[in-house]
Amino acid sequence: MAQPWVQEFAYRYLPYFVFVVGNSTLVFVAASIVVMVLPHSIVGQVKVLRRYRSYILKSFKRIAFLSTQGPLYRLFVWCGRRCSFGYLSSKCRPPQAMKVSPTGCSEVIAQWAPDQVALNPFHEETYVFAWRPADAKENEQYREPGKSASWEWRERPLTSNDVESVGGKRLKYLLADLPPLARVRCRVCSVNRRGRSDWSAEVEATTLARPHEEGGFIGPLGAASSGFSESRRQYRWTQSRTEVAFKAPLGDEWKAKDIKVKVTPSRLEVLYVGQQTDGEVLLAGPFPKRVKADEVFWEIETSDADGRHLSLQVTKAEQMEKWPCLIQGADHPCIDVRLVRLFTQGLDAAGVDIFD
């Protein structure tokens, strides 16, 4: 039983309260409609109207977003998609912002943003991923025994298990079983009951190289090696727990005074400064990691395996760091550092060599 004063308050003031709240709501709704239908040329000139319209739009978007998170909306969408068997989907659009990056010596990851119709909650689509070698050299690596090399795109329909969401706005797919240092071209399209979309933009990527036993690889030399034979126009680099080293072939007539070596904590520069040239680059570029510039040793050596060459060692600034390459650049291959094993001094409890 309500108290007498509560009944008296409700009898006297409740109608006025309902009247004020109701009319205020009507005024707010009417004002919002007027502001939304006003031409942009008028709203843009009045700061108050511009802010009010922006506030209304943000409020509507927030309400719409919260509505889509509710269980009733999700049940409604689920029933609509299952009962329509995909016929309520909109026409597919090409995926946007296609990117491909290597993750290993035999795999690359492709990412793209679906260009879906936001106003159709029943829209569904899957994807078809296609790839092929980027040029004839790589194409030979995929040739099956007894068959000629093919330039045709290799298509692969993707299921929900093949594709992973990234941040709720992008999708990614792992393309595996590729050869090391293979340059591939990729594209993707969406498909549903309404048919296929156009293909996305084509993107190229190169898989990582497989490191040799000493944790390094090879790379091209600069213009100073133009007179060398084809097999001597590349350097070979290695790495250990504390050092990085490389060997670069030299000309038979080159002397130590003709070679200029400059090492900074982040860059290497080796020039040939003979009498006939002002300085040609043998090897130059930024390091992928920092080094100790005051701990550099180089000399000219001769061996049966490498011939006459420059041998240089530099100390890593951080021990046990795995270097993906000696020089950063598009022409210098990167290795899969997951396959690098740096020997660590000492033995474990079982007396077995420790590897990182």
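The values are calculated or read from the model by the stated rules, or taken from the named source; none is laboratory data. This is a predicted model, so every value here is computed, not measured. Neighbour counts are summed over all protein chains in view; Cβ atoms, including those assigned to glycine, are modelled from backbone coordinates with ideal geometry. SASA here: full protein model, heavy atoms, side chains in, ligands and nucleic acids out. Shrake-Rupley method; radii C 1.70, N 1.55, O 1.52, S 1.80 Å.
When only residues in segment 298-332 that are under 17 Å from Ser225 (Cβ atoms) and within 30 Å of the chain's Cα centre (by Cα) count, which is most open to solvent (accessible area, probe 1.4 Å)? This residue is Asp331. In the set Lys61, Lys99, Lys91, only one residue is open to solvent by 70 Å² or more (accessible area, probe 1.4 Å), of a type in the set (Lys, Arg), modelled with pLDDT under 80 and under 30 Å from Arg194 (Cα atoms); that residue is Lys61.
Kindly check whether there is at least one residue in segment 30-38 that is over 40 Å from the mean Cα position of the chain (by Cα), at pLDDT below 80, on the phi < 0 side of the Ramachandran plot and not aliphatic (A, V, I, L, M). The answer is yes; a qualifying residue exists. Of the residues making up segment 196-216, none is of a type outside the set (S, T, N, Q), assigned to a strand (DSSP E or B) and either farther than 30 Å from Arg154 by Cβ or over 28 Å from the mean Cα position of the chain (by Cα) (or both).
One line per residue, one yes/no per condition, for (1) at pLDDT below 90; (2) touching a strand residue (DSSP E or B) at 6+ places or on another chain (Cβ under 6 Å):
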| site | (1), (2) |
| --- | --- |
| Glu280 | yes, yes |
| Ala284 | no, yes |
| Lys289 | no, no |
| Phe297 | no, yes |
| Asp304 | yes, no |
| Leu312 | no, yes |
| Ala317 | no, yes |
| Lys322 | no, no |
| Val337 | no, no |
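Across segment 54-84, the qualifying residues are those that are of a type in the set (D, E, K, R) and without any contact (Cβ under 8 Å) to a residue 40 or more places away in the chain, and the one among them that is farthest from Ala31 (Cα to Cα) is Arg82. Beta carbons closer than 6 Å, at least 6 apart along the sequence or on distinct chains, pair a first residue in segment 38-53 that is under 20 Å from Phe28 (Cβ atoms) and without any contact (Cβ under 8 Å) to a residue 12 or more places away in the chain with a second that is of a type in the set (Val, Ile, Thr) and surrounded by 13 or more Cβ atoms within 10 Å (Cβ to Cβ) for Arg50/Val43. Residues in segment 239-260 that are within 31 Å of the chain's Cα centre (by Cα) and surrounded by fewer than 19 Cβ atoms within 10 Å (Cβ to Cβ): 5 in all. Is it the case, given these coordinates, that Ser266 is under 25 Å from Gly227 (Cα atoms), surrounded by 13 or more Cβ atoms within 10 Å (Cβ to Cβ) and among the polar types (S, T, N, Q)? No: the conditions fail for Ser266. Would it be correct to say that Leu49 is among the aliphatic types (A, V, I, L, M), in a helix (DSSP H, G or I), at pLDDT 75 or above and open to solvent by 100 Å² or more (accessible area, probe 1.4 Å)? In short, no. Farther than 26 Å from Arg82 by Cβ, outside any loop (DSSP other than H, G, I, E, B), modelled with pLDDT under 90 and open to solvent by 40 Å² or more (accessible area, probe 1.4 Å): is that true of Lys137 in this structure? Yes, satisfied. Out of everything in segment 153-182 that is loosely packed, with under 14 Cβ neighbours inside 10 Å and among the hydroxyl-bearing types (Ser, Thr, Tyr), what residue ends up being nearest to Pro211 (Cα to Cα)? Looking at residues that are loosely packed, with under 14 Cβ neighbours inside 10 Å and among the hydroxyl-bearing types (Ser, Thr, Tyr), I get Ser165.
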